[in-house]
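Q: Got a structure for you, questions after.
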């Protein structure tokens, strides 16, 4: 054996190596115990940062691609893929795209909306919330999401603070509309998701959607001029006072939605 050892002498690692290895193992175990999602969170953060850099490069190059642009492209690429499921019914990308086109056509011909106008949306959790939102976005409108749990004075404050040209109300929230209608500013056009109405000077939407075309509105209406321009107002519940709106830009919305639509 001595001859073998002379030919192949055993190399011993430096004295610090076992300690370093033990430290690494200990850190790994502590990370697994206290921060089990660290690496997954880090990977997600890096993806978001990379997408943010990509968006910023597009902005510097004058190329503006919004979430709506991406949705429309996906609807062309995968029309029959489920986009949302509500009460067991599947709504595909094509379904949502076509119905939102109908809504955009209604407001284009009946709503007198201009690009950049704000429209307040008071609707519950239903597919037409998405359809109306996308339809308005296709006209280049800024959409204000009103909290449907907010009533009377607080709701009027939300509407007046975002200065909408139009208010769209879901069929299940007509009672809330009735409370605020006498005090609503006269220059706000009110639309409800029904086929007929008992309210004076309130427009119905469902009947006009059925008669509207599914053709897309001109692309120039929906194109964004600036990624930093506002696209959404999202109101809080106002637990510490009157509700306030979080103002969301195209860039913020694109980055926050990257993991859903930007694959």
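Rule-based calculations on the coordinates, nothing more; no lab input. Quick caveat, the model's predicted, so the values are computed rather than measured. Methodologically, a virtual Cβ is constructed for each residue, glycine included, from the backbone with ideal geometry; neighbour enumeration extends over all protein chains shown.
Q: Test of understanding: ordering 100, 154, 189, 15 by Cβ neighbours within 10 Å, fewest first, what list do you get?
A: Ascending Cβ contact count within 10 Å gives the list 15, 154, 189, 100.
Q: Any chance you could list P(r) for the stretch 162-230, counting all Cα-Cα pairs in 10 angstrom bins from zero, rounded to whole %?
A: Calculated over all Cα pairs of the stretch 162-230, the distribution is 16, 37, 30, 16, 0 percent.
Q: What is the fewest-to-most order of 99, 151 by other Cβ atoms lying within 10 Å of their Cβ?
A: Least crowded to most crowded, the residues run 151, 99.
Q: Subtracting the Cα-Cα distance from 0.36 nm times the residue separation, let me have the gained length for residue 207 to residue 38 in nm, one decimal.
A: Stretched fully, the residue 207-residue 38 segment lengthens by 55.7 nm.
Q: May I ask for log10 I(q)/I(0) of the stretch 66-261 at q = 0.09, 0.11, 0.14, 0.15 Å⁻¹, from a Debye sum over the Cα atoms as equal point scatterers with solvent left out?
A: Listed by q, the Debye log ratios stand at -0.32, -0.48, -0.80, -0.93.
Q: While we're looking at this one, here's another question. Among 30-43, 116-129, how do they line up by average Cβ neighbours within 10 Å per residue, starting with the highest?
A: Ranking, from highest mean packing down: 116-129, 30-43.
Q: While we're on this one: Spin-label point model (7 Å from Cα, Cβ direction): what's the residue 198 to residue 228 distance in nm?
A: 5.1 nm
Q: Starting from the 7 Å offset along Cα-to-Cβ, what nm value, one decimal, do you get for the label separation of residue 85 and residue 49?
A: Distance between label points: 3.6 nm.
Q: At R0 = 45 Å, how high is the FRET efficiency between residue 30 and residue 188 if r is their beta carbon distance? Nearest 0.05 is fine.
A: Plugging the Cβ-Cβ distance into 1/(1 + (r/R0)^6) gives 0.20.
Q: Per residue Cα convex hull volume for the stretch 82-137, in cubic angstrom?
A: 75 Å³
Q: Moving to a separate point now. Alpha carbon centre of the stretch 159-174 versus the stretch 17-45: separation in Å?
A: 50 Å
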